[in-house]
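FYI, it's all coordinate maths here, none of it is from the lab. Just so it is clear, the model here is predicted, and its values are computed rather than measured. Counting neighbours? That spans all protein chains shown, and the Cβs are built from the backbone with ideal geometry, glycine included.
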Amino acid sequence: MTSQILAKASSFSFRNLFVRESGALGAVAVDVAGAENPDTLVSFRQVQKSYDGETLIVKNLNLEIRRGEFLTLLGPSGSGKTTSLMMLAGFEVPTSGEIRLDGKLLNNVPPHKRDIGMVFQNYALFPHLTIFENLAFPLKVRNEGFREIRYQVDKVLEMVQLEKYAQRYPGQLSGGQQQRVALARALVFKPKLVLMDEPLGALDKQLREHMQMEIKHIHQQLGVTVVYVTHDQGEALTMSDRVAVFNNGIIQQIDKPEMLYERPGNSFVANFIGENNRLTGTLLSRDGDLCQVGLAMGERVVARAVNVSQIGGAVSLSIRPERVVLNDAAQAVENRFNGQIREFIYLGDHVRIRMEVCGAQDFIIKMPTSLFDSNLREGDVVPLGWAAEHTHALDPV
């Protein structure tokens, strides 16, 4: 798809930048039925996608994207997140169902007539055009005049702090600078919606984290609606207002980042979002929101009954490493056991302690370095525990 965009640009003489080309963006006749919710900008309604007529990559997708929000589609490779984004962009056509933007049916509207900004992982900048010319291109094809183009380009260059680089070519910029140009190009024509397909995947860790905050701050400044695709859970938690977690073509859970982490709806989300200790057992009893789970070695754990089926059924317990406490602190929580220390891993601001607990050989505790007891040694057997409210009982995947 990127090559098609570049091919289109290669046939365009920039000497004619300020010559108006009639019909470049003609009006599109679309269904104008309004969205049910005035706060909804984009809606997927029973959308499915198959490439071979049999295997569904996206299954019965129903999703509403709110105006001004930063929504991330998160999931492993092949989960359907990128395909969903490509259908919204117009690069893929749904096999069935409807996609609407501001109440207007998009299914048969070509990509260049959707008025959607797009940021790719590989930047997709035109190498033979200067930075100014790259940013002016979307305005040129929309028949904007010279003064408006100059004003808007200067404005977005200032926003991404690249005013001094207007006359350079993409190959003369760093990867981070090129990605900022790509972001500016997606914003320069003031679209209702900006789509980002793993835009930071080619950057190193430090630059990636810096760009995460830049994009987040630009979104907050402009209030534009952003749909972002990534497989990086940390990126999703850092940047998003909401995150939709995909697996096998289905949204497993959609919620605020803190809710996905603290209140996972199923075992897949618990294991995919953040680090997670997993114990398996059998549901023994349930009393309201709490339940009791029996482990293989006879231990009993009290947990929040998030998503469990029936008494006697298999249960997966999810416990975050930072919620586990050692020694005296273990006396104040419902679930108390002994564990043997296997390994210490020093990571600067915190220490990871790998332990054998309740039959699990790789049970992890995460502790701030300032609270770490330097008298602990590998092989020590110590009391530990965790609260019921931080223990999630889920049906196993």
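Summary table below
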| read-out | value |
| --- | --- |
| Two-site label geometry, E378 and E209: point separation in nm, points 7 Å out along Cα→Cβ | 2.7 nm |
| For T225, residues with placed amide H under 5 Å, excluding near neighbours | G68, V194 |
| Förster-model FRET efficiency, 25 Å R0, Q48 and L105, C-beta, rounded to 0.05 | 0.95 |
| Residues of region 47-76 with amide N under 17 Å of the 7 Å Cα→Cβ point at D232 | 71-76 |
| Extension gain, N37 back to R142 (0.36 nm per residue minus Cα-Cα distance, nm) | 34.8 nm |
| Whole-Hz couplings from phi, Karplus 6.51/-1.76/1.60, listed for region 209-221; x for Gly and Pro | 5, 5, 5, 4, 6, 4, 5, 4, 5, 5, 4, 5, 5 |
| Selection from T225, F272, V357, by position along the positive dipole direction of the chain (Cβ) | T225 |
| Candidates V47, V119, V351, ranked by Gaussian network fluctuation over the chain, Cα under 10 Å, top entry | V351 |
| Residue-wise HN-Hα coupling along region 108-117, computed from phi with Karplus coefficients 6.51, -1.76, 1.60 (Hz; x: Gly, Pro) | 10, 8, x, x, 6, 9, 8, 6, 10, x |
| Centroid-to-centroid separation of region 240-285 and region 66-139 [C-alpha atoms, Å] | 27 Å |
| Extension gain, E334 back to T369 (0.36 nm per residue minus Cα-Cα distance, nm) | 10.1 nm |
| Spin-label pair E98/D154, simplified geometry with 7 Å Cα→Cβ offset, distance in nm | 4.5 nm |
| Sequence-distant residues sharing a close amide H with N335 (under 5 Å, placed H) | W386, A388 |
| Fully extended contour minus Cα-Cα distance, from S285 to H128, at 0.36 nm per residue | 49.7 nm |
| Candidates S84, S285, S370: whichever shows maximal mean-square fluctuation once the chain is modelled as a Gaussian network with Cα springs under 10 Å | S370 |
